[in-house]
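Remarks on the structure that follows.
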Amino acid sequence: MDTVLLALGAPRRRDILCLVRHRERSAGEIHRALGGVTFGAVSQHLGRLERAGLVTARRDGRSRLYQARPEGLEPLRQWLESMWDVALASLKRRAEAEEDLARQG
């Protein structure tokens, strides 16, 4: 999960992930869509996303096409849900304690 969080820590990588969420795109397409970032930087960001398991790449002739891997976010989703469960349980205990106080008062 740490690798995923580190990969998502950079706004450009989150932008790239959004660009390849619904369809494959070449690195050149991603570079043009982002604007204001070098092709080398796009390549580095794509490599980081690929190592984190958030995108896949496949060869198509001389190009590499990138596609998001939603299942790469699964460990993060599970962790967030577990934190949410803890917060909800705490909220429930508080509400029940306040109800008990109201009944006693």
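The values are calculated or read from the model by the stated rules, or taken from the named source; none is laboratory data. Keep in mind that this is a model prediction, so the values were computed, not measured. Note: ideal-geometry Cβ built from the backbone for every residue, glycine included; neighbour counts use all protein chains shown. Note: accessible area is taken over every heavy atom of the protein model, side chains too, but ligands, DNA and RNA are not part of it. Shrake-Rupley method; radii C 1.70, N 1.55, O 1.52, S 1.80 Å.
Counting only helices (runs of 4 or more DSSP H) that sit completely within the stretch 20-105, those holding 1 or more residues that are touching a strand residue (DSSP E or B) at 6+ places or on another chain (Cβ under 9 Å) and modelled with pLDDT of 95 or more correspond to 27-34, 39-51.
Let's see how each residue does on (1) acidic (Asp, Glu); (2) open to solvent by 50 Å² or more (accessible area, probe 1.4 Å):
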| residue | (1), (2) |
| --- | --- |
| HIS22 | no, yes |
| ILE30 | no, no |
| LEU34 | no, no |
| ALA52 | no, no |
| ARG58 | no, yes |
| GLY61 | no, yes |
| GLN67 | no, no |
| GLU74 | yes, yes |
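Of the residues in the stretch 80-95, not one is surrounded by 10 or more Cβ atoms within 10 Å (Cβ to Cβ), touching a residue at least 24 places away in the same chain (Cβ under 8 Å) and closer than 29 Å to GLY47 by Cβ. Among the residues making up the stretch 36-50, those that are open to solvent by 30 Å² or more (accessible area, probe 1.4 Å) and within 14 Å of the chain's Cα centre (by Cα) are HIS45, ARG48, GLU50.
Using beta carbons and a limit of 9 Å, which pairs, at least six apart or on different chains, have the first residue in the stretch 11-32 and farther than 15 Å from ARG58 by Cα and the second one among the polar types (S, T, N, Q) and open to solvent by 70 Å² or more (accessible area, probe 1.4 Å)? That search, which allows pairs on different chains as well, returns HIS31/THR38.
Checked against (1) of a type in the set (S, T, N, Q); (2) touching a residue at least 24 places away in the same chain (Cβ under 8 Å); (3) closer than 14 Å to ARG12 by Cβ, SER43 meets all criteria but (2).
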